[in-house]
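*Asks:* The structure is given below, and queries will be raised subsequently.
The values are calculated or read from the model by the stated rules, or taken from the named source; none is laboratory data. Being a predicted model, the structure only gives us computed values, none of them experimental. Glycine also receives a Cβ, built like all others from the backbone with ideal geometry; neighbour counts cover every protein chain displayed.
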Amino acid sequence: MSTVAERSAARKRAQLEQKALDWADDRLGSSKWLRSAMDKIFPDHWSFMVGEIAMYCFVILLATGIYLALFYNASSTVVVYHGPYKPLDGQSMTEAFASVINISFSVRAGLVMRQAHHWAAVIFMAAITFHMGRIFFTGAFRRPREINWIIGITLLLVAMLEGFSGYSLPDDLLSGSGLRVVFSIVQSIPFVGPWLAFNLWGGAFPGSGVFFERLFLIHEFLFPALLAGLLGGHLAILWHQKHTDFAGPGKTEHNIVGSRLWPQYAIKSQALLMFVAAVIFGLGGLVQINPIWVFGPFEAARSSAGTQPDWYVGWLDGALRLWPHWEFRSFGHEIANPFFPGILLPGLVFTVIYAWPWIDKRLYADYEEHNLLDRPRDKPLRTALGVAALVFFIDLTLASATDVIGNGLQISFERLIEILQYGSFIGPIVGGLVAYRACILLQGGNVHPIQRPVGGTIVRDERGAYHTLGASHGENGHEGEGHDVDGHTGNGHTGNGHGDETTLERGPAGG
Amino acid sequence: MAETKFPRVFTGAHGPEDGAGETTPWPDDVPPDQDDTWYPLRDDPWRARRMEYVIAAFWAITALCGLGLIVVYCTGGEAQYEGWLLLGAFATLGTGLLLWARYLLPGHDIAASRGHHVSDPEERAAIVESLSRGTDSLMSRRGFLVKKVLVPVGGIFGVAAIFPLASLGNRPGRALYHTKWYSGARLVTEDGQALHVDDIMVDGILTVFPEGYINDSASAAVVLNVGGALVQARHGQADFEVVSGANGIVAFSKICTHAGCAVSLFNVFSMQLICPCHQSTFNILQDCEPVFGPASRPLPQLPLLVRPDGYLIAATDFVEPVGPGFWNRSGD
């Protein structure tokens, strides 16, 4: 098939490659590791890509962020704007706000970069959340992957703070209101609150001249460095432990089925990076996000209706709206209202999330190692609790937009808030029960959505019900085993199902 | 499988039964009977060549989009064009890569042992030995250095390291208890206009600051003319309102007692002030008591007076801290 010329070119290339790798090996002893890296096997499933999408969002955030940092001016010195955006001409504003206006209107390609950066942050958080959901519902956090769960949740937390700090940098009316609320939340912490808030802001709100310099340092150095470090650890551990996989034909707890990293998987992954970039930069150029020139510069004595934070902070803003008007006052001290929804609630939520791998172990009395994933239906209780948490989260997020939704639905925001207050209790219960029931029903159906169709004869009985008879056992070399692999027996408990081995009967062209 | 305290994972389809797991557990050991050099168009050179052209065509579009981006930049930049071109460039680049990987690159699924992800028991024992070599000589023989000296010394030095953090900001002191309002301060608008008692229409509302402190955020107040309507004042605050002819003028802090946003929405029909951030609603005619939402305290009222020349002035500062609560708010 290949010509003589091609073969001699290949020989030459191999010689060159040998030379280059030898050079590296002479100095680093790298051949063994590199070989194992290139031969590393990754299982493939669409849901495994979501974490990758988050990683590529981070790459794009770094690239666009570095560009924006070249133009941003973290200064609260007040200047009068004169520039191409006429509606703001002659208005006084901080240099921070003016510099973001300049990025948007005076720096060529600046607007695309800025909007792409914001879109990337929004998608980054969505991908992280989705990835976390995938890990949760399939039990991928179980031993030996508890450390990576902890690192992952910390990544979520830091990414959230990183997003909020970036959202606050332009010093526009919207983000300024957000900062005001955060100042009040910090101030509400018992005993140290006022002291802490004054130290962070460099004085009373809106803070001294150092505040935006601090925020900028946090946003463009501290948190990104933390994210990069945590992400490195996350990937290193994944690399060492190898990826989990769904149960399926030929898959056991002790083997790994997938394609090698080099070359196909690596090139596919690069294609994914390109698609992520296409979506983010497409949105960045075509769909407006955070038009700060519409909001105007921040003035503490102003605020406007329709103030919504970015979606991933919405649940906290919603919690502030739904929390009843309680404050605790006694002995000359008080615990102010924002403490409960602003500090206590997220504190509890993240404590439970961090502790989940250990809660789950006790719930299922399962301290075993797992490389094969659960089907969500096989763990109805976990799935129901996860769905309940999601409904709670969605309820709070909706609450952060009560004024907008109320306008749209033509109901008063008072009524809507009451509905969502009740909803935050009833919604999770209903959602959990529905999910539990759905799990049980799906178990009865016993159709594995991630397995290929099972061969067999379908017969209809006299009452009209359908039954599958005599599932074929892959007699043509096709993976079509009809039985469950590795203890997924639908009783909600994975016991010692090891050793149920199905041999992989796939030749090179048998797929 | 026998339960051990640290179950090691090396059995499986290609585990110790065939020796692969034991001898080379790491890196991934691909058994020799599996071939993954196959790819969909391997045995069909014509279709493979056609696929090459398809990929090349996609990447040609990438290049065209790149040229377009250069042209758009040089002609002044335009976000909409840049968006389409970036979308096109990245999408075609990605599509080309995906087609290449999918049809022309080997990457057939293979199975391998997961290998060990834990160390051998001997290594686990050995590391304890290494660790205790150090801890023995540190703790058993020189235990007092650690327990009695290093811990307190480290504690003191550690406390010393905390002090520089106090430089980050002023201590709150009395800052949260007072605003810039002072006895005799004229009420001025954002533009520096001092307010006369007749300047506000009945049912009118204005944002005001103490004269000389325009835009001091904590001092922001709203001043309203409620006309002849009766404002139920809190105990001892009945004289905070200025009544002059048909005007009844009251002023309240504009900083929400919930989370500190500006209470900037005014419903004239229900005589309510509403905070746009979290919808705390205050009834003006009831001394700005919160009637809905998360706020739990009324907006503090500013005691007003009229100067002989008709200008509105503050009698004193607010008589209580404005804005959201904090730990020792009521401690004076």
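*Asks:* Pull out all pairs, ordered by first then second residue, where Cβ-Cβ is under 8 Å, the residues are six or more apart or on different chains, the first lies in the stretch A:204-229 and is within 12 Å of chain B (Cβ to nearest Cβ), and the second is part of a helix (DSSP H, G or I) and not hydrophobic (A, V, I, L, M, F, W, C).
*Replies:* A:205/A:180; A:205/B:217; A:206/A:176; A:206/A:180; A:206/B:217
*Asks:* Still on this structure: Taking into account only those residues within the stretch A:186-199 that are more than 7 Å from every other protein chain (Cβ to nearest Cβ) and crowded, with 19+ Cβ neighbours inside 10 Å, which is nearest to the chain's Cα centre (by Cα)? Let's see the steps before the verdict.
*Replies:* Within the stretch A:186-199, the first condition is being more than 7 Å from every other protein chain (Cβ to nearest Cβ), and the residues that meet it are A:186, A:189, A:192, A:196-197.
Imposing the further condition that a residue be crowded, with 19+ Cβ neighbours inside 10 Å reduces the set to A:186, A:189, A:197.
Working: A:186: 26, A:189: 28, A:197: 29 Å.
Filtering first and then ranking leaves A:186.
*Asks:* Sticking with this structure for a sec: Identify, from the list B:115, B:107, the residue that is touching a Gly at 6+ places or on another chain (Cβ under 8 Å), within 20 Å of residue A:243 (Cβ to Cβ) and part of a loop (DSSP other than H, G, I, E, B).
*Replies:* On the way: B:107 fails: touching a Gly at 6+ places or on another chain (Cβ under 8 Å).
Sole residue among the options that is touching a Gly at 6+ places or on another chain (Cβ under 8 Å), within 20 Å of residue A:243 (Cβ to Cβ) and part of a loop (DSSP other than H, G, I, E, B): B:115.
*Asks:* For the condition buried (at least 23 other Cβ atoms within 10 Å of the Cβ) and among the hydrophobic types (A, V, I, L, M, F, W, C), what is the one hit in A:158, A:181?
*Replies:* Working: A:158 fails: buried (at least 23 other Cβ atoms within 10 Å of the Cβ).
So the residue among A:158, A:181 that is buried (at least 23 other Cβ atoms within 10 Å of the Cβ) and among the hydrophobic types (A, V, I, L, M, F, W, C) is A:181.
*Asks:* Determine whether the stretch A:39-62 contains at least one residue that is surrounded by 14 or more Cβ atoms within 10 Å (Cβ to Cβ), on the phi < 0 side of the Ramachandran plot and free of Cβ contacts under 8 Å to residues at least 24 places away in the same chain.
*Replies:* The answer is no; no qualifying residue exists.
*Asks:* Applying the selection to the stretch B:77-105, what residues are more than 7 Å from chain A (Cβ to nearest Cβ) and not aromatic (Phe, Trp, Tyr)?
*Replies:* Once the filter is applied, which keeps residues that are more than 7 Å from chain A (Cβ to nearest Cβ) and not aromatic (Phe, Trp, Tyr), the stretch B:77-105 yields B:78, B:85, B:88, B:89, B:92, B:95, B:96, B:99, B:102, B:104.
*Asks:* Continuing with the same structure: Just give me the residues in the stretch A:349-405 being closer than 27 Å to residue A:312 by Cβ and hydroxyl-bearing (Ser, Thr, Tyr), in sequence order.
*Replies:* Within the stretch A:349-405, A:351, A:354, A:383, A:397, A:400, A:402 qualify.
*Asks:* Here's a follow-up. With the condition being farther than 26 Å from residue A:308 by Cβ, I'd like the strands (runs of 3 or more DSSP E) fully within the stretch B:261-332 carrying at least 1 qualifying residues.
*Replies:* Numbers: elements: B:265-267, B:272-274, B:281-283, B:289-292, B:304-306, B:312-314.
The qualifying strands (runs of 3 or more DSSP E) are B:281-283, B:289-292, B:304-306, B:312-314.
*Asks:* Which one of these is surrounded by fewer than 21 Cβ atoms within 10 Å (Cβ to Cβ), at pLDDT below 90, of a type in the set (Val, Ile, Thr) and farther than 18 Å from residue A:184 by Cα: B:319, B:242, B:268? Give the steps one after another, and end with the answer.
*Replies:* Numbers: B:319 fails: at pLDDT below 90; B:268 fails: at pLDDT below 90.
Just a single option satisfies the conditions, and that option is B:242.
*Asks:* Out of curiosity, is residue A:75 in the same structural domain as residue A:260 (by TED's automatic domain parsing), touching a helix residue (DSSP H, G or I) at 6+ places or on another chain (Cβ under 6 Å), over 26 Å from residue A:246 (Cα atoms) and of a type outside the set (Val, Ile, Thr)?
*Replies:* Numbers: in the same structural domain as residue A:260 (by TED's automatic domain parsing): yes; touching a helix residue (DSSP H, G or I) at 6+ places or on another chain (Cβ under 6 Å): yes; over 26 Å from residue A:246 (Cα atoms): yes; of a type outside the set (Val, Ile, Thr): yes.
When the stated conditions are applied, residue A:75 passes them.
*Asks:* Considering each residue of the stretch B:36-51, count those that are of a type in the set (D, E, K, R), within 14 Å of chain A (Cβ to nearest Cβ) and in a helix (DSSP H, G or I), and give that number.
*Replies:* Selection size over the stretch B:36-51: 2.
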